[in-house]
1. HN-Hα J couplings of the range 431-437 from phi, Karplus 6.51/-1.76/1.60, θ = phi - 60°, integer Hz, Gly and Pro as x?
2. Given the rule -39500 (n - 2.57) for each run of at least 4 DSSP H residues, summed and divided by the residues of the chain, what is its mean residue ellipticity at 222 nm, to the nearest 500 deg cm²/dmol?
3. When only Cα pairs under 8 Å and 6 or more residues apart are kept, what is the percent relative contact order across the range 267-380?
4. Counting pairs of alpha carbon atoms under 8 Å apart in space and at least six apart in sequence, what relative contact order in percent does the chain give?
5. Scan around Gly28 for amide H atoms under 5 Å from its own, H built in the peptide plane at 1.01 Å from N, and keep only partners 5 or more places away or cross-chain.
6. Near Met177, within a Cβ-to-Cβ distance under 11 Å, what is the net charge of the other residues, with Lys and Arg +1 and Asp and Glu -1?
7. Report, in cubic angstrom per residue, the convex hull volume of the C-alpha atoms of the range 171-304.
8. Amide H to amide H under 5 Å from Tyr4: which residues, 5+ apart in sequence or cross-chain, H placed 1.01 Å off N in plane?
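Values in this text are rule-based calculations from the coordinates and carry no lab data. Remember, predicted model here, so these are calculated numbers, not experimental data. Reconstructed Cβ throughout: ideal geometry from the backbone, glycine too, with neighbour counts over all protein chains shown.
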Amino acid sequence: MKVYNTLTGQKETFTTLEKNKVKMYVCGPTVYNHIHIGNARPYIIFDTFRRYLEYKGMEVSYVQNFTDVDDRIIQKAQAENVDMKEIADRYIKSILQDADGLNVKRATVHPRVTEEIPEIIEMIQVLIDKNHAYEVEGTVYFDTRSFEGYGHLSKKNQEELEAGARIAVNEKKRHPMDFVLWKPKKEGEPAWASPWGEGRPGWHIECSAMAKKYLGDSIDIHAGGEDLTFPHHENEIAQSEAANGKPFATYWMHNRFLNVDNKKMSKSVGNFFTVKEVAAEFPYEVIRFFMLSAHYRSPINFSRELMESAQSSLDRIKTSVKNMKHFTEHASKDLLTLEEKNQLKEVHTYRRKFEEAMEDDVNTADAISVIFELVKFANTYVQGSSSREFAQILHDEILSLCHILGLLEQSEEDHLEQEIETLIQKREEARKNKDWATSDQIRDQLKSQGILLEDTSAGVRWKRINE
Ligand code: AMP
Ligand code: ZN
């Protein structure tokens with residue numbers, strides 16, 4: 001298997017530190033909002049890679065953090081006059097709900113920064129003791145010049161690194177490139193006691209500390225979106241390798257960005273969509289299929305037309321699976337004919353091609369094309385006169401390849417329930433914003449689908465009208 005490694009700029013043969021075990025860390029979200037459709041890309045892509053590794057018999061330890069202390073979370077908490085934890089809990093719940101909808105498996109561990117402060121402080125102390133970090137008036141900085149490989153991942157030379165670095169007026173760092181490991185408490189903000197006074201960690205140190213705690217000093221894969229390469233991942237390498245004295249991650253994988261209508265997604269341009277907004281119009285499964293239909297290292301464009309086209313492609317696979325099922329139920333003979341036995345040889349070539357695509361740097365786009373070739377084969381050769389066994393094998397084979405990608409695993413009933421939950425959430429949001437028109441419209445829409453909402457003190461319940 002080959003994967004593209006940002007560290008070396010090449011596709012490399014994939015080998016793990018320990019036989020048949022994969023240690024994988026994927027940077028998680030800052031929990032101050034619902035996730036947007038761009039965030040869904042790394043979630044789905046790296047989940048699919050994990051699933052493939054598991055399919056190949058590997059045991060994957062998958063860690064994804066939640067950044068639950070951050071300026072944006074604090075600001076939101078202050079604006080709503082609630083605890084920071086309330087904001088974090090709200091959006092973690094929302095994010096996990098989207099992840100479930102998108103059929104993204106839960107990580108082995110989802111650590112939260114606020115629950116890992118002792119480990120973070122310990123790592124900062126080691127960096128200070130090893131002369132890789134220094135304290136100035138309650139702020140601890142990483143001394144980038146003390147780490148030789150700094151800039152290696154992002155392939156930036158000294159000049160480029162310095163071009164972007166600044167020392168703000170009130171900062172006391174020794175070099176513009178140095179970055180914060182610990183910052184002192186500001187009035188009214190959450191803080192923890194530390195050897196450098198009360199304060200909270202900078203952003204980058206959390207991933208180094210959590211990767212070490214849950215996976216060890218050296219890991220196989222570290223992944224995230226391309227924007228994280230610099231400075232976040234560059235800084236993670238510096239922290240981890242300086243503290244642990246060992247190579248941090250063997251493979252660094254980065255997905256390219258998703259654009260909307262060929263433009264960078266942004267709230268001010270008005271082309272910003274949360275996963276929930278998209279899921280209110282298209283099933284979550286279509287979002288997953290859409291993301292996988294492009295290779296993760298190509299940019300992907302998101303638009304209504306492309307989503308509609310993804311939906312009809314996915315429907316083609318589903319229809320074929322339904323047809324195969326129908327043929328198994330109505331076949332006039334049970335066992336494979338000689339001719340079918342011969343045709344099956346071709347069926348097996350599709351799985352091999354599928355695996356080749358996935359093993360060529362997780363090329364899900366090509367893997368999906370192979371599924372369509374198999375669907376075409378099934379639609380051509382399975383007919384009313386086919387044996388039950390032949391129809392069954394093709395039915396199972398299409399589903400099995402889809403399952404490796406995390407597709408077509410849910411029943412129609414699961415989909416329906418998910419849709420209802422999404423609409424209820426949208427209605428809750430509308431009600432919070434006193435947007436009664438939208439709230440009523442959603443209630444009516446659900447009613448027309450036979451779903452009755454009951455607003456109780458414990459939240460919204462729903463039931464089927466004919467129950
Ligand atoms: P953030 O909460 O902004 O740190 O993003 C969480 C994850 O989503 C990171 O891995 C980002 O690199 C990734 N990400 C953010 N925006 C996009 C986008 N437009 N397309 C693809 N990935 C993105
Ligand atoms: Zn990280």
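1. Result, ordered by residue: 5, 5, 8, 6, 8, 5, 4 Hz.
2. Working: 15 runs with 217 residues, N = 467.
It lands at -15000 deg cm²/dmol.
3. On the way: 57 pairs, mean separation 35.8, N = 114.
Once divided by the residue count of the range 267-380, the mean separation gives 31 percent.
4. 16
5. Asn65
6. That sum, taken over residues with Cβ under 11 Å, equals 0.
7. Once divided by residue count, the hull of the range 171-304 is 196 Å³.
8. Sorted by chain and number, the residues that satisfy this are Glu12.
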